[in-house]
1. What pairs come up if the first residue lies in segment 190-201 and is at positive phi and at pLDDT 90 or above, the second is hydrophobic (A, V, I, L, M, F, W, C) and surrounded by 11 or more Cβ atoms within 10 Å (Cβ to Cβ), and their beta carbons are under 9 Å apart, counting only those six or more places apart or on different chains?
2. Inspect segment 167-175 for any residue being acidic (Asp, Glu), modelled with pLDDT of 90 or more and either crowded, with 16+ Cβ neighbours inside 10 Å or over 30 Å from Ser25 (Cβ atoms) (or both) and give the result as yes or no.
3. Can you tell me how many residues in segment 26-44 are part of a helix (DSSP H, G or I) and open to solvent by less than 20 Å² (accessible area, probe 1.4 Å)?
4. Quick one: would you say Gly23 is open to solvent by 30 Å² or more (accessible area, probe 1.4 Å), within 22 Å of Gly161 (Cβ to Cβ), touching a residue at least 24 places away in the same chain (Cβ under 8 Å) and out of contact with any strand residue (DSSP E or B) (no Cβ under 7 Å at 6 or more places or on another chain)?
5. Can you tell me which residues in segment 144-163 are out of contact with any helix residue (DSSP H, G or I) (no Cβ under 9 Å at 6 or more places or on another chain) and either more than 24 Å from Ile11 (Cβ to Cβ) or in contact (Cβ under 8 Å) with a residue 24 or more places away in the chain (or both)?
6. Which residues, counting only those in segment 118-145, are among the aliphatic types (A, V, I, L, M) and farther than 17 Å from Met104 by Cβ?
7. Within segment 73-80, is even one residue open to solvent by less than 60 Å² (accessible area, probe 1.4 Å) and hydroxyl-bearing (Ser, Thr, Tyr)?
8. Looking at (1) under 16 Å from Ile141 (Cα atoms); (2) open to solvent by 30 Å² or more (accessible area, probe 1.4 Å); (3) among the polar types (S, T, N, Q), can you tell me which one Ser87 breaks?
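The values are calculated or read from the model by the stated rules, or taken from the named source; none is laboratory data. Computed from a prediction, not measured in an experiment: that's the story for all the values here. All Cβ positions, even for glycine, are placed from backbone atoms using ideal geometry, and neighbour counts span all protein chains on display. The accessibility values were calculated without ligands, DNA or RNA, using every heavy atom of the protein model including side chains. Shrake-Rupley method; radii C 1.70, N 1.55, O 1.52, S 1.80 Å.
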Amino acid sequence: MKANSLCRLKIIILAAGFSSRLGQSKALARIHGISLLRRTLTAAAGLRGPLITVLIPHKAAQYRREGRGMRVGWAVNTRRAQGLSSSVRLGIAAARHSAGILIMPADLANLKAWELKRLVHRWQAAPRRLVARRIGLSGGIPLILPHWLYGRALTIDGDAGLRHLVGQLAAEQRVLMELPSAAADVDTPEDLHNVRRRYRC
């Protein structure tokens, strides 16, 4: 990958949620002894360049331990009760001088580094376009938000994600990509059980 453009890209991992449907922290849930956060950090570190910032709740020493040995920054979201949008706003503030932000959740158990590299390559080819994982007719995270859209993303409220913003963009302003390894997230105990079972096969 081009070193200059990678230095202009920042990575934000969203790990400050309450995980109420799962009943435990998604980021700290373990599969074969490895937390989802550690798996996500490993995939992100495979890009070899961008600074990684993880958004975490207050008093999250366990989260910080999952980043041992990696070049990771931490940002505490003291307003996480305001929903996912509060983490998005904090992430943009932490990376406001970057040309683009790769935003990703911490609960994609099967995420592959090579698919993240594909996402980044597409952004490098057209850095003013938003590049996102295709979800139905629109897109969602993981996605790369170009700098010119930071202001619009800051207006998101509550638990509304970035999918609505993606859907509002004209076709020439966005690129939607298939990322099969990002399709399965962990929201419920059943999701976690199914992921653990697949890893045993």
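1. none
2. Looking for residues that are acidic (Asp, Glu), modelled with pLDDT of 90 or more and either crowded, with 16+ Cβ neighbours inside 10 Å or over 30 Å from Ser25 (Cβ atoms) (or both), one finds at least one in segment 167-175, hence yes.
3. So the count comes out to 6.
4. Yes: the conditions hold for Gly23.
5. Passing the criteria: His147, Arg163.
6. Ala125, Ala126, Leu137
7. Within segment 73-80, not a single residue is open to solvent by less than 60 Å² (accessible area, probe 1.4 Å) and hydroxyl-bearing (Ser, Thr, Tyr).
8. Here Ser87 clears every test but (2).
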